[in-house]
Amino acid sequence: GNAELNYSTPLGKKKAFQLEMNTKASFIHSVDYASETEQLIRSVVDNLNLSERLDISYKIGNQALGANIQAGWLRSFSQRNGFMETSALNLSGGINGTFNLPANWQIVSEFHIFNRDGYADNTLNTTYCIWNASVSKSILKGNLTFKLDASDILNQISNVTHNINAQGQIETWINSLPRYAMLHVIYKLN
């Protein structure tokens, strides 16, 4: 079962600020079979997830700034022998901005910090920062754009992630390039 509440409202006389809140709660009662031997054992695991996210953005003309913060709590428990109960806290926060400069230049940047703590396995207790940015220049009345993108500038994204699912810990391997720079040449046909 799960429930979610979203709230959004403009703020200020000119409504230049936008406030958004998102509250989530979920409970998963998972029944499966697990075994370390040939005999299957019934495995019942309960997971409770609670989270709150707050976003605020400010827009004036073509410029935009934003900030967000999120907190999530996971409680995972079971009567199964050998099950390691979890009471973990996931925190994140970040800022972002879009800056339209004279002569059709644009800079877009975002910076986020992610922290996970309280897991029994230290591979799940992580803190890392992600910074992505791009700079672009448009010419020919905006029809031709040159854009340089940089992803994971601080080189902190791993291609291996560890998470908790309904029955326990999972490990995911992704074969990709998390850190890269890419040059775009974009021509609009009107």
ask   = Under the definition of Cα pairs under 8 Å and six or more residues apart, what whole-number percent is the relative contact order of the chain?
value = 13
task = Throw me the Rg/Rh for the chain, computed over C-alpha atoms with Kirkwood Rh, two decimals.
result = 1.09
task = Tally up the carbon and sulfur contribution to the accessible surface of the stretch 57-182 as a whole percent, 1.4 Å probe, everything protein left in place.
result = 59
key: Choice from Ile139, Ile95, Ile28 with maximal GNM fluctuation in the chain (Cα, 10 Å cutoff)   = Ile139
ask   = From the residues Thr172, Asn159, Asn143, which one has its Cα farthest along the dipole of the stretch 77-185 in the positive direction, the dipole being from +1 and -1 charges on Cβ of Lys/Arg and Asp/Glu about the Cα centre?
value = Asn143
Packing-based order for 3-12, 66-75, using average beta carbon neighbours within 10 Å, highest first = 66-75, 3-12
inquiry  = Students often forget the sequence filter, so: which lysines lie under 17 Å Cα-Cα from Lys188 once same-chain residues fewer than 8 apart are removed?
reply    = Lys137, Lys141, Lys147
ask   = What is the Cα convex hull volume of the stretch 72-152 when expressed per residue in Å³?
value = 111
request  = Mind putting a number on the dipole of the chain about its Cα centre? Charges go on the C-beta only, +1 for Lys and Arg and -1 for Asp and Glu, and I need it in Debye to the nearest 20.
outcome  = 1240
message = Over the stretch 29-114, with the other protein chains present, what is the accessible area per residue in square angstrom, probe 1.4 angstrom?
response = 66
ask   = Which of Val44, Gly93, Ser78 sits closest to the plus end of the dipole of the stretch 23-94, meaning its Cα is farthest towards the positive end, when Lys and Arg get +1 and Asp and Glu get -1 on the C-beta?
value = Gly93
Dipole magnitude of the stretch 111-190 about its Cα centre (Cβ charges: Lys, Arg +1; Asp, Glu -1), debye to nearest 20 = 620
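The values are calculated or read from the model by the stated rules, or taken from the named source; none is laboratory data. Every value quoted in this text rests on a predicted model; they were computed, and no experiment measured them. Don't worry about glycine lacking a Cβ; one is built from the backbone with ideal geometry, like all the others, and counts go over all protein chains shown. The area values use the complete protein model at the heavy-atom level, side chains included, leaving out ligands, DNA and RNA. Shrake-Rupley method; radii C 1.70, N 1.55, O 1.52, S 1.80 Å.
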